[in-house]
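Data first, discussion second: the structure below is written as structure tokens.
The values are calculated or read from the model by the stated rules, or taken from the named source; none is laboratory data. Please read all numbers here as calculations on a predicted model, not as lab measurements. No Cβ is skipped: glycine too gets one built from the backbone with ideal geometry, and neighbour counts run over all protein chains shown. Note: accessible area is taken over every heavy atom of the protein model, side chains too, but ligands, DNA and RNA are not part of it. Shrake-Rupley method; radii C 1.70, N 1.55, O 1.52, S 1.80 Å.
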Amino acid sequence: MRKIIIILGIYGVLVSGLMFAQSVDDFDAWMRTIDEKNQSVQRNIAARNSDAATADAKEIQETFKLVEGFWAKRGNASDAVELSQKAEQQAAQVVKSATAKDYDAASTLSINIAQTCTACHRLYRPLS
């Protein structure tokens, strides 16, 4: 019986390690998406393309929801959760500003998203 418990324990550790590794891979993909979409938002704002800027900002907003969940699940990273929420709110404001064709506000908010990313990266990069 003891051998079975040990084997199940080892199996559980291995499986949870694989699940966590996949989450880190997902996280890295989300970071790339956020970076690419925020650059695209800025280009679309400069081009006065509110529809494209809005679509990109909505994707940023949704991706930050995933990032927030990642950090909440990981635990012991309340700053990262709060920064994810802040960036998500900023992306929502970009959507509103771009929809209203207030390109100056949308541009400022998009830059603020990048600054929020930098603040989080200073605390949590490299991801370990």
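Of all residues in segment 46-69, those being buried (at least 19 other Cβ atoms within 10 Å of the Cβ) and touching a Phe, Trp or Tyr at 6+ places or on another chain (Cβ under 6 Å) number 2.
Among residues of segment 43-67 that are in contact (Cβ under 8 Å) with a residue 24 or more places away in the chain, those with a beta-carbon under 7 Å from a residue that is charged (D, E, K, R) and open to solvent by 70 Å² or more (accessible area, probe 1.4 Å) at least six positions away or on a different chain give the pairs S50/K101. On the given criteria, is D51 of a type in the set (D, E, K, R), in a helix (DSSP H, G or I) and over 23 Å from S23 (Cα atoms)? Considered against the rule, which asks whether it is of a type in the set (D, E, K, R), in a helix (DSSP H, G or I) and over 23 Å from S23 (Cα atoms), D51 comes out as yes. Counting residues in segment 29-36 that are in a helix (DSSP H, G or I) and open to solvent by less than 20 Å² (accessible area, probe 1.4 Å) gives one or more. Whenever a residue of segment 91-110 is assigned to a helix (DSSP H, G or I), its partners that are open to solvent by 70 Å² or more (accessible area, probe 1.4 Å), lying with C-beta atoms within less than 6 angstrom and at least six residues away or across chains, give the pairs V95/K58; L109/Q93; S110/Q42.
The conditions of being modelled with pLDDT of 95 or more and not hydrophobic (A, V, I, L, M, F, W, C) are not met by K73. For V15, all conditions in the list (1) surrounded by 10 or more Cβ atoms within 10 Å (Cβ to Cβ); (2) at pLDDT 50 or above; (3) more than 17 Å from C120 (Cα to Cα) hold save one; what is the number of the exception? It fails just one condition, (2).
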